[in-house]
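Below: the structure, in structure tokens.
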Amino acid sequence: MPAQPYYVTTPIYYVNDRPHIGHCYTTVVADVAARFARLLGRDVFFLTGTDEHAEKVVSTARERGLTPRQWADANAEQFRRAFRLMGVAESDFMRTSEDRHKTRASAYIRRLMDSGDVYLGDYVGWFDASQEEYLTETVAKEHGFKSPVTGKPLEKRTEKNYFFRLSRYEDRLRAHFDAHPEFVLPEARRNEVLGRLRQGLNDVPVSRAVKEGDADWGILMPGDPGHRVYVWIEALCNYLTAVDEPERRRYWPPAVHVMAKDILWFHAVIWPAMLMALGEALPGTVYAHAYFVAEGRKMSKSLGNFIEIDLLEAYGRRYSIDAVRWYLATQGPLGATDADFAHARFVEVYNADLANGIGNCASRVGNMIEKYFGGSVPAPASRDDFQAADGMGGLQEFDWEHSAVAAVEAARSFETSFAFDVALRGAIGLIGRVDSFINVTRPFALAKSMATDAGAARDLGTILYQCAEAIRIASLLLYPAMPAKMASLWRAWSCSPLKDPDDPDSGFGAPLAELAAWGGAWSLRPGRRIAKGEPLFMRADAAEPAPTA
Ligand code: MSP
């Protein structure tokens, strides 16, 4: 059976911005999802990219004496570089200024015009130039006719405009929400969208007039060079333009569109209605996480407290990029509430989960195998022999096979709930159990009588085998958040499930259910070498000042 496709997307980011923790967070979340899906044996396509046709790109380029193309090229490169630094392995990076996007997006708009879903009308409204969006009268008034985001005055604009007949899809959208409770997640966000949907839908403008002296930047309305397609509308199309070719068509529809709550309406209502009008299948889930704040304060241009890529890079240099990914993936605002990027918390989580968690546990077990078995994986005794052994009080509590199955189940549940943080924490929980298993079974005590007592040697081997195998299974589940570190552990332990052990992005030799089978074909083989190696994570000193960019 061919692997089931799994398509995951991030928003395409405004190319005018500098990459910061918000962009990195969403992209890392999508990357973790893509890696989980690959691990589960799915055929994955992961898209990110940049949204380039905003008016601001033209004006900033002009200020800098560049063409919009030069400015966009330089900045798109910054985003690519930022994501590379974060260990993200996207399948494709879409730039909306690329021809493939422009041609296809324009064809979709043409289809919508032909079907009467897009029509020419009059528009009077309040335009927030800093955000490239129109606000309704109510919202504009609420904010004193200033941008709710930047505080800059709104402009009243009357224009001939093309409109998308959103109102036509109100009933079908509601029915879709009813039939698919997982369509918008988390649930709190779903309820907000539903509430707004119940107030009814107005048609939305999808173009703006081309003015004299405008740069040739953006997509013209098909058949009307006097209007340009509104950036938001063509930007949404990127999800489809990226896969609208024969060898990629199988990826449609997306399993999940990931973004923050700020742009949920576009993704949960306008985009699905456009897809309905185009006769395309709808995405499985539109997932809107909350925001990262910095040291307890909302990030803003005026406070100048954006955590930019340079600072994340500095954290990566000191603690490793995988540690940064771990913090983002497990402490981030995946649910409905905002989360804090705080240095003290970072160090605490780093030490607890990584240095004293997986890192220490793996080196502890590796060292014992080295010391007592010359570095080769000991053979486990049969279960009955082992459980009959003396002095093993409490051992029966550790049903490793069952724990392993439960951990894999947790990983699988991410496909429906997107709660991969549960699987990641479950894996760290498994590591915690290995530590308490060692404390209960006291392998170092057994080692003392090993020379004279064959039973002790057998029990010791069995204990260490079990520890190592449990760590191996936990490491599979930790991989999506920490691909480079887990790949290096697998190399040291001669148990890499990767197609190319030196390349964390090379894919897996089998799906997780097989890889994680206790004692199965991919398990640790008695006799194989386990190299002690460097500890995966050095302990962090909480007193050391935070890294600086
Ligand atoms: N270009 C549009 C999206 C078009 S998608 C068809 C856009 N771009 S953006 O650069 O402003 O990116 C917004 C997204 O960046 C958010 O939805 C979220 O994914 C991410 N984040 C920006 N700031 C964030 C935080 N403070 N915290 C978490 N993520 C945030 O909107």
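Rule-based calculations on the coordinates, nothing more; no lab input. These numbers come from a predicted model, not from an experiment. Positions of Cβ are backbone-derived with ideal geometry, glycine not excepted, and every protein chain shown enters the neighbour counts.
Some points to look at:
- Compared with the dominant Cα axis of the chain, that is its longest principal axis, helix 21-39 is turned about 60°.
- Share of Cα-Cα pairs in region 205-360 lying beyond 23 Å, as whole percent: 58
- P(r) weight above 23 Å for region 292-392, C-alpha pairs, percent: 49
- With both residues required to sit in the chain, DSSP beta bridges show an antiparallel share near 50%.
- Using the Cβ of ALA531 as centre and a radius below 11 Å, the other residues enclosed give a net charge of +2, where K and R count +1 and D and E count -1.
- Taking one quarter of the surface of the C-alpha convex hull of region 101-203 gives a mean projected area of 8.5 nm².
- Neighbourhood net charge (13 Å Cβ-Cβ; Lys/Arg +1, Asp/Glu -1) for PRO5: +2
- For region 210-217, the Karplus equation 6.51 cos²θ - 1.76 cosθ + 1.60, evaluated at θ = phi - 60°, returns couplings of 7, 9, 4, x, 4, 6, 7, 9 Hz by residue, with Gly and Pro reported as x.
- As an equivalent ellipsoid, the chain spans semi-axes of 51, 24, 20 angstrom, where each value is the square root of five times an eigenvalue of the C-alpha gyration tensor, largest first.
- Taking amide hydrogens as placed 1.01 Å from N in the peptide plane, the amide H of MET221 sits under 5 Å from those of HIS227, ARG228, VAL229, each at least 5 positions away in sequence or on another chain.
- Take every Cα pair under 8 Å whose residues are at least 6 apart in sequence, average their separation, divide by the length of region 225-287, and the relative contact order is 37 percent.
- Largest-first ellipsoid semi-axes for region 145-198, taking √(5λ) over the Cα gyration tensor eigenvalues, angstrom: 30, 19, 7
- Between ARG95 and THR50, the built amide H atoms are under 5 Å apart, and every one of these is 5 or more places off in sequence or on another chain.
- Listed from fewest to most Cβ neighbours within 10 Å, the set MET299, MET482, MET94 follows the order MET299, MET94, MET482.
- Reciprocal of mean inverse Cα separation for region 1-69 (Kirkwood radius, Å): 14.0
- Other residues lying with their Cβ under 10 Å from the Cβ of LEU120 contribute a combined charge of -1, Lys and Arg counting +1, Asp and Glu -1.
- DSSP finds beta bridges in region 251-368, and of those with both partners inside it, around 10 percent are antiparallel.
- All Cα-Cα separations within region 411-508 were binned at 5 Å from zero, giving a P(r) of 3, 12, 18, 17, 16, 14, 9, 7, 3, 1, 0, each value a whole percent of the pairs.
- The relative contact order of the chain comes to 16 percent, based on Cα pairs under 8 Å that sit 6 or more residues apart.
- 3J(HN,Hα) couplings calculated from phi for region 267-284 with the Karplus curve 6.51 cos²θ - 1.76 cosθ + 1.60 (θ = phi - 60°) are, in sequence order, 7, 9, 10, 5, 4, x, 5, 4, 5, 4, 5, 7, x, 9, 5, 8, x, x Hz; Gly and Pro show x.
- Derived scalar couplings ³J(HN,Hα) [region 111-119; Karplus, 6.51 cos²θ - 1.76 cosθ + 1.60; whole Hz; x for Gly, Pro]: 4, 5, 5, 4, 8, x, 7, 10, 9
- Annotation: for a label point projected 7 angstrom from Cα along Cα→Cβ of LEU120, residues of region 196-213 with backbone N closer than 14 Å are 207-210.
- One quarter of the surface of the convex hull around the alpha-carbon atoms of region 47-112 equals 5.3 nm², the direction-averaged projected area.
- For TYR162, distant residues with modelled amide H under 5 Å away: GLY121, VAL206, SER207
- Region 181-255 - Kirkwood radius from inverse mean 1/r over Cα pairs (Å): 15.6
- Once the Kirkwood radius over Cα pairs is known for region 1-137, the Stokes-Einstein relation at 20 °C and 1.002 mPa s delivers a diffusion coefficient of 124 µm²/s.
- Take 361-371, 539-549, 171-181 and order them by the average number of nearby Cβ atoms within 10 Å per residue, most first; the result is 361-371, 171-181, 539-549.
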